[in-house]
1. Anything in segment B:1-47 that is out of contact with any helix residue (DSSP H, G or I) (no Cβ under 7 Å at 6 or more places or on another chain), more than 14 Å from every other protein chain (Cβ to nearest Cβ) and within 24 Å of residue A:80 (Cα to Cα)? List them, or say none.
2. Taking the condition of being surrounded by 20 or more Cβ atoms within 10 Å (Cβ to Cβ), over 18 Å from the mean Cα position of the chain (by Cα) and more than 14 Å from chain A (Cβ to nearest Cβ), how many residues in segment B:104-129 meet it?
3. Considering only segment A:6-17, I want to know if a residue exists there that is modelled with pLDDT of 95 or more and farther than 28 Å from residue A:167 by Cβ.
4. Of all the residues that make up segment B:69-79, how many are within 13 Å of chain A (Cβ to nearest Cβ), crowded, with 18+ Cβ neighbours inside 10 Å and touching a residue at least 12 places away in the same chain (Cβ under 8 Å)?
5. Would you mind listing the strands (runs of 3 or more DSSP E) fully within segment B:61-176 where at least 1 residues are out of contact with any helix residue (DSSP H, G or I) (no Cβ under 7 Å at 6 or more places or on another chain) and more than 30 Å from residue B:241 (Cα to Cα)?
6. Please go through segment B:85-95 and give me each residue that is within 14 Å of chain A (Cβ to nearest Cβ) and either in contact with a strand residue (DSSP E or B) (Cβ under 7 Å, 6 or more places away or on another chain) or surrounded by 24 or more Cβ atoms within 10 Å (Cβ to Cβ) (or both), ordered by number.
């Protein structure tokens, strides 16, 4: 593995869309007791279900601590590869590499700096050293060269691309005080263009209400195809989410993508607001200095937080009346893929969902 | 990865010879302070030289602890892959998987039980749990199924095969009290036949004098080609090694291999006896209950402890007058490969040499 100091865009590299074919998918085993109930015991079954569903159409690699290798190996199906790799938590989307390709079919990774969603300003845990080291180590594991973007704070969940020159982000996240406070919006946009190989960045204002990632785009809006997005939608005008989603809709309605196309915007309903229970809070560890979940707190639940695998779309279910409505919507939007809905309340409690715990590796188009 | 309970021989799998083409090579980064001087600092340069030499003709994967990933990555050339994997020490030969192939080009591994060369009887350290787990984890990493041979104690350095049905071992090692004391010689032979896919086992009596592995075969004798071996040879009749080597010679002279061929035996000189110095002993940590090196102790130095890579033979040098003689001998025996001699005194002090710290992965003949 070579560590590259050049800019991917200058080298002809770009990030393909998630709906383009994959070589595989990276996940990380949940274990951290202040993120996951009962030291990960509640979440791991959901992680196994997600890995199993994805592994039906692409190679899944599960990274796991030394201590839990045997457990992960035994719980996961044989087609999932289990490799030892230290981490602070289990958010592959946010700190596994962002993978790029070029026209010759070469694969490379980007190693952004990860600071637990806000570092010492409003980050969610400390330290984050093991997480931050993973992108480089995963590129090494896959034998691909890595771009050093360690002077720029970014998580994979805060960007979505169409693979044809367009990137969508939220201002709430990318302009937050805990990430790159010394860079202007224009400078941040340049970084995205340079390292994702895109020509145009579309800035939504906000994401999902109460989303502790400072409102990652991957919880509110996703590409279905070039020029076509799906947006988390709230019908209740009294819900704070209503204005947030409507504002995204308005921005997207007036925008065009990098190729000059206007967007087709599909609305995906949100579940009925989901609140953490007293019983659920009892299953969490506490760490002084970290944000703490309190009973009755609303969680940032959204059906947008799905993963597009080669032959399926793996989406969360919350045991809510909207589960089936959202599933049918996605089935209509992805007619060539099976939509698999996985009970994901125990992932949601950790602070994210299926998209947050997965990272695709683009297929080499050689 | 599937964990298989069947016997490789019945499934059509066998271990190819080391001189057959390789897919790659596995090594482990040295770190343990009671094995390696100055907490591994003296040995790691030699390990880097070995990995660099091998990586010129096959993919080398270096396993390293979480703590030393960045160090290994920085010291090793970019073509060497570095992956995190916990271990107790750095002997890839002895506890990386023994790899097998079948006629269809499928690769599988064998996971023997490893007990640090003798367990609680005369093992060299405790515990050995991380080492013992590596074979399975490496098969997982390489996405190959693994044969569970965990009811049988064996190290990869205690066997040599010709890939055509013959295996050579030493009685001193395989019949030692610390390995499989409840199995008869015949039962051990059956295990070797079943798991290595061989038809004939040749039993040498002993290996190299003072070899703390209970005299692994890979320090005294190696296959150069089918029907052709190279044997560590001692000219000094007053040296205890003289009778040990002569006895091996006599056995091999009278034996035939699995195909009925008599052996051509090439004698490879040993270096002048090498003793650890007081200065060198000062660089080691001590652990109560473990064997301890004492100044003046003779080390089990042997030029036989080489690795056959795709385009080179990587052999130890000791700064001894015999280095050049041994190198020329091996050059004559391997005319199609470059013989690379690496200063290996700092590996020797750890208790083995270049063959002991490497494990080949056979090339898939698809």
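The values are calculated or read from the model by the stated rules, or taken from the named source; none is laboratory data. Predicted, not measured: the structure shown is a model, and the values here were computed from it. Glycine also receives a Cβ, built like all others from the backbone with ideal geometry; neighbour counts cover every protein chain displayed.
1. The answer is B:6, B:11, B:13.
2. Within segment B:104-129, residues that are surrounded by 20 or more Cβ atoms within 10 Å (Cβ to Cβ), over 18 Å from the mean Cα position of the chain (by Cα) and more than 14 Å from chain A (Cβ to nearest Cβ) number 1.
3. Let us first name the residues in segment A:6-17 that are modelled with pLDDT of 95 or more, namely A:6-17.
Narrowing further to those that are farther than 28 Å from residue A:167 by Cβ: none.
No, segment A:6-17 has no match at all.
4. Quick first cut of segment B:69-79, residues within 13 Å of chain A (Cβ to nearest Cβ) only: B:69-74, B:76-79.
In the following step, the residues that additionally are crowded, with 18+ Cβ neighbours inside 10 Å were identified as B:69, B:72-73, B:76.
Keeping just the survivors that are touching a residue at least 12 places away in the same chain (Cβ under 8 Å) gives B:69, B:72, B:76.
Number of matching residues: 3.
5. Working: elements: B:81-84, B:98-101, B:107-113, B:145-153, B:166-170.
Once the strands (runs of 3 or more DSSP E) in segment B:61-176 are filtered for at least 1 residues that are out of contact with any helix residue (DSSP H, G or I) (no Cβ under 7 Å at 6 or more places or on another chain) and more than 30 Å from residue B:241 (Cα to Cα), what remains is B:98-101, B:107-113, B:145-153.
6. Pass one, segment B:85-95, residues within 14 Å of chain A (Cβ to nearest Cβ): B:85-88.
Within segment B:85-95, B:85, B:86, B:87 qualify.
Condition check ((1) in contact with a helix residue (DSSP H, G or I) (Cβ under 6 Å, 6 or more places away or on another chain); (2) closer than 18 Å to residue B:46 by Cβ) across all residues:
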{"residue": "B:244", "(1), (2)": "no, no"}
{"residue": "B:252", "(1), (2)": "no, no"}
{"residue": "B:268", "(1), (2)": "yes, no"}
{"residue": "B:282", "(1), (2)": "no, no"}
{"residue": "B:302", "(1), (2)": "yes, yes"}
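Here's the yes/no breakdown for (1) surrounded by fewer than 24 Cβ atoms within 10 Å (Cβ to Cβ); (2) at pLDDT 95 or above; (3) in contact with a strand residue (DSSP E or B) (Cβ under 8 Å, 6 or more places away or on another chain):
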site: A:158; (1), (2), (3): no, yes, yes
site: A:163; (1), (2), (3): yes, yes, yes
site: A:168; (1), (2), (3): no, yes, yes
site: A:189; (1), (2), (3): yes, yes, yes
site: A:205; (1), (2), (3): yes, yes, yes
site: A:233; (1), (2), (3): yes, yes, yes
site: A:243; (1), (2), (3): yes, yes, no
site: A:247; (1), (2), (3): yes, yes, yes
site: A:264; (1), (2), (3): yes, yes, yes
